[in-house]
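Undergrad: What follows is a structure written as structure tokens; I'll ask about it next.
The values are calculated or read from the model by the stated rules, or taken from the named source; none is laboratory data. Bear in mind that the values here come from a model prediction, so they are computed numbers and not experimental data. FYI the Cβ positions are ideal-geometry reconstructions off the backbone, even for glycines, and counts take in every protein chain you see.
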Amino acid sequence: MGAARACGIDFGTSNSTVGWSRPGQPALLALEDNKATLPSVVFFHAEDGQTSYGRSALADYLSGDEGRLMRSLKSLLGTSLMDDHTEVMGRILPFRDLLALFIGELKRRAEVAAGRGFECAVLGRPVYFVDDDPVADQRAEDTLAAIARAAGLRDIAFEYEPIAAAFDYESQISREELVLVVDIGGGTSDFALVRLGPLRAGRAERKDDILASGGVHIGGTDFDKHLSLAGVMPLLGLGSLLHSGLQVPSSPYFNLATWHTIYQAYTRKALAQIRDVAREACEPDKLQALQKLVTQKDGHWLAMQVEAAKIRLSGEPGAVLDLSRLGAASDVRLERAVFDHSIEGLIERIGATLRALLQEAGVVADQVDTVFFTGGSSGVPLLRQRVSGSLPRARRVEGDLFGSIGAGLAIAASRKFA
Ligand SMILES: Nc1ncnc2c1ncn2[C@@H]1O[C@H](COP(=O)(O)OP(=O)(O)OP(=O)(O)O)[C@@H](O)[C@H]1O
Ligand SMILES: [Mg+2]
């Protein structure tokens, strides 16, 4: 078989990469415009039935092309939606086929970049696809395995994403360390407590080096949702009152703040409900903005604005949103403090998962030499502060936030299929 025909695939909630080990070469293959990441996004064009992927899918959607945008595909794994379908341009599309389309494309692009076919792969997986439900979790892995096989990968293995990140970090160190890997992605937060070192790296069996792994289904898309509900949806009427004294129904706002339910806010029934509510609303302007959002099918546009603002908030105390497209203000300022407050509960759950992991391993905070951060959402300041604060003595290292998992999976693949 040989390692040369083996790759590592990091199918992420937000971004995907494919790694391939060749001596003296960077592991990650270029998947789009010379970049190593392919955003996990598919756009179906209404006009010609074509499909676009990644950045180009996002650009097609934003340029106003008629069609349907699908994001956060990985979050479908392990849910009942996996056996369900959606309708795209009047055609039935099983969600399973949607995932298969994206993963097939990922493999094809990696093969073009590598100039060869891949038959074996180590696929990354979160420690838990589904929290507290081992049966659904196994089903998620089985589904992903079946899709990978259907895409032509004959021999596949799985590795925990944070363990892959650990292998990437291990390839850069010269001494033994006890490392806590903190991988906060778009969909999940994953941890591994691992003993790493150059002398250990070559060993075939690493079980004894892995002290604990854990995770929770919280990630950047949840941060987007909470920021949207706290800072943006109120401008469109969430929490405002009807003349009856009741609050405006919240379901359209929740649908619009959650990536994979945005289309549920566009149904004729949902739109009729918004029109009825607008007539009874104490602040009809806000409901008009909501109505505009829904009739213009701008849900993904808004969610992208919120995500971009969230990312800016990692470096700045405030971020300005232009909502004039919805007939609302052109300079809505979101404060870091509002964001922090909105995600406090999520950060606390991530912190609790981390504490439980250390306890399970029988390791006290002071024993951890290094915290290795990876995943785009590890850039969130409140998250960093909390994790760093709970491990005050540990050195902090930042990996390639979007590439460490793929690079580590390439190492895992070259060992596994050598
Ligand atoms: N500077 C930043 N500050 C905060 N969040 C960020 C930053 N940059 C990217 N993100 C967020 O990081 C997430 C994407 O990270 P990443 O690509 O690591 O996720 P993923 O690997 O696709 O997801 P998962 O591993 O959970 O399946 C998105 O939610 C994005 O908004
Ligand atoms: Mg990831």
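Undergrad: Within the range 7-16, is even one residue away from ligand 1 (no atom under 14 Å from the Cβ), without any contact (Cβ under 8 Å) to a residue 40 or more places away in the chain and touching a strand residue (DSSP E or B) at 6+ places or on another chain (Cβ under 9 Å)? First the steps, then the outcome.
TA: In the first step, residues of the range 7-16 are kept if they are away from ligand 1 (no atom under 14 Å from the Cβ); the result is 7.
Remaining after also requiring without any contact (Cβ under 8 Å) to a residue 40 or more places away in the chain: none.
Within the range 7-16, none of the residues are away from ligand 1 (no atom under 14 Å from the Cβ), without any contact (Cβ under 8 Å) to a residue 40 or more places away in the chain and touching a strand residue (DSSP E or B) at 6+ places or on another chain (Cβ under 9 Å).
Undergrad: Residues that are within 30 Å of Lys107 (Cβ to Cβ), at least 3 per element: which helices (runs of 4 or more DSSP H) completely within the range 314-418 meet that? Break it down stepwise before answering.
TA: On the way: elements: 336-361, 381-390, 404-416.
Ranges flagged: 404-416.
Undergrad: OK, next. Being modelled with pLDDT of 95 or more and surrounded by fewer than 16 Cβ atoms within 10 Å (Cβ to Cβ) is the filter here; which residues of the range 33-50 pass it?
TA: Matches in the range 33-50: Asp33, Asn34, Lys35.
Undergrad: Are there any pairs with C-beta distances below 8 angstrom linking a residue in the range 55-81 that is over 19 Å from Leu99 (Cα atoms) to a residue that is surrounded by fewer than 15 Cβ atoms within 10 Å (Cβ to Cβ), with the two at least 6 apart or on different chains, and if so which?
TA: Asp65/Ala46; Asp65/Glu47; Glu66/Ala46; Glu66/Glu47
The rows are residues; the columns are (1) within 16 Å of ligand 1 (Cβ to nearest atom); (2) modelled with pLDDT of 90 or more.
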residue: Met1; (1), (2): no, no
residue: Ala4; (1), (2): no, no
residue: Leu31; (1), (2): yes, yes
residue: Leu93; (1), (2): no, yes
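Undergrad: With a cut-off of at least 3 residues that are under 20 Å from Val368 (Cα atoms) and within 16 Å of ligand 2 (Cβ to nearest atom), name the strands (runs of 3 or more DSSP E) lying wholly within the range 145-247.
TA: Numbers: elements: 155-160, 177-184, 189-196, 210-216.
Correct list: 177-184, 189-196, 210-216.
Undergrad: For the range 349-381, give me the residue count where each residue is among the charged types (D, E, K, R) and either within 19 Å of the chain's Cα centre (by Cα) or on the phi > 0 side of the Ramachandran plot (or both). First the steps, then the outcome.
TA: Step one: list which residues in the range 349-381 are among the charged types (D, E, K, R), which gives 349, 355, 360, 366, 369.
Subsequent filtering for residues that are either within 19 Å of the chain's Cα centre (by Cα) or on the phi > 0 side of the Ramachandran plot (or both) retains 349.
Counting residues in the range 349-381 that are among the charged types (D, E, K, R) and either within 19 Å of the chain's Cα centre (by Cα) or on the phi > 0 side of the Ramachandran plot (or both) gives 1.
Undergrad: Pick out the one residue from Leu354, Leu401 that is of a type outside the set (Phe, Trp, Tyr) and closer than 30 Å to Phe118 by Cβ.
TA: Details: Leu354 fails: closer than 30 Å to Phe118 by Cβ.
From the options Leu354, Leu401, the qualifying one is Leu401.
Undergrad: For Lys292, indicate whether it is surrounded by fewer than 18 Cβ atoms within 10 Å (Cβ to Cβ), in contact with a Gly (Cβ under 6 Å, 6 or more places away or on another chain) and assigned to a helix (DSSP H, G or I).
TA: Details: surrounded by fewer than 18 Cβ atoms within 10 Å (Cβ to Cβ): yes; in contact with a Gly (Cβ under 6 Å, 6 or more places away or on another chain): yes; assigned to a helix (DSSP H, G or I): yes.
Yes, satisfied.
Undergrad: Have a look at Ala410, Ala394, Ala365 and point out the one that is touching a Ser or Thr at 6+ places or on another chain (Cβ under 8 Å), more than 27 Å from Asp224 (Cα to Cα) and either without any contact (Cβ under 8 Å) to a residue 24 or more places away in the chain or within 16 Å of ligand 1 (Cβ to nearest atom) (or both).
TA: Numbers: Ala394 fails: either without any contact (Cβ under 8 Å) to a residue 24 or more places away in the chain or within 16 Å of ligand 1 (Cβ to nearest atom) (or both); Ala365 fails: either without any contact (Cβ under 8 Å) to a residue 24 or more places away in the chain or within 16 Å of ligand 1 (Cβ to nearest atom) (or both).
The match here is Ala410.
Undergrad: Which of the strands (runs of 3 or more DSSP E) contained wholly in the range 1-51 include at least 1 residues that are within 16 Å of ligand 2 (Cβ to nearest atom)?
TA: Values: elements: 6-10, 15-19, 42-45.
In the range 1-51, the matching strands (runs of 3 or more DSSP E) lie at 6-10, 15-19.
Undergrad: From the list Arg68, Arg109, pick out the single residue that is away from ligand 2 (no atom under 16 Å from the Cβ), within 20 Å of the chain's Cα centre (by Cα), buried (at least 17 other Cβ atoms within 10 Å of the Cβ) and not aliphatic (A, V, I, L, M).
TA: One residue alone meets the criteria, Arg68.
Undergrad: Okay, moving on. Do any residues in the range 159-178 that are farther than 21 Å from Gln367 by Cα have Cβ atoms under 8 Å from those of residues that are surrounded by fewer than 21 Cβ atoms within 10 Å (Cβ to Cβ) and among the hydrophobic types (A, V, I, L, M, F, W, C), where the two are at least six apart or on different chains, and which pairs are they?
TA: Close Cβ pairs (under 8 Å, with a partner that is surrounded by fewer than 21 Cβ atoms within 10 Å (Cβ to Cβ) and among the hydrophobic types (A, V, I, L, M, F, W, C)) amount to Ser171/Ala201.
Undergrad: If you check Ala308 against the conditions, is it loosely packed, with under 15 Cβ neighbours inside 10 Å and under 21 Å from Glu87 (Cα atoms)? First the steps, then the outcome.
TA: Details: loosely packed, with under 15 Cβ neighbours inside 10 Å: yes; under 21 Å from Glu87 (Cα atoms): no.
When the stated conditions are applied, Ala308 does not pass them.
Undergrad: Being within 16 Å of the chain's Cα centre (by Cα) and either more than 13 Å from Ala407 (Cα to Cα) or assigned by TED's automatic domain parsing to the domain that holds Ala303 (or both) is true for just one of Leu38, Leu31. Which residue is that? Explain how you work it out, then say what you get.
TA: Values: Leu31 fails: within 16 Å of the chain's Cα centre (by Cα).
Only one candidate passes the filter, namely Leu38.
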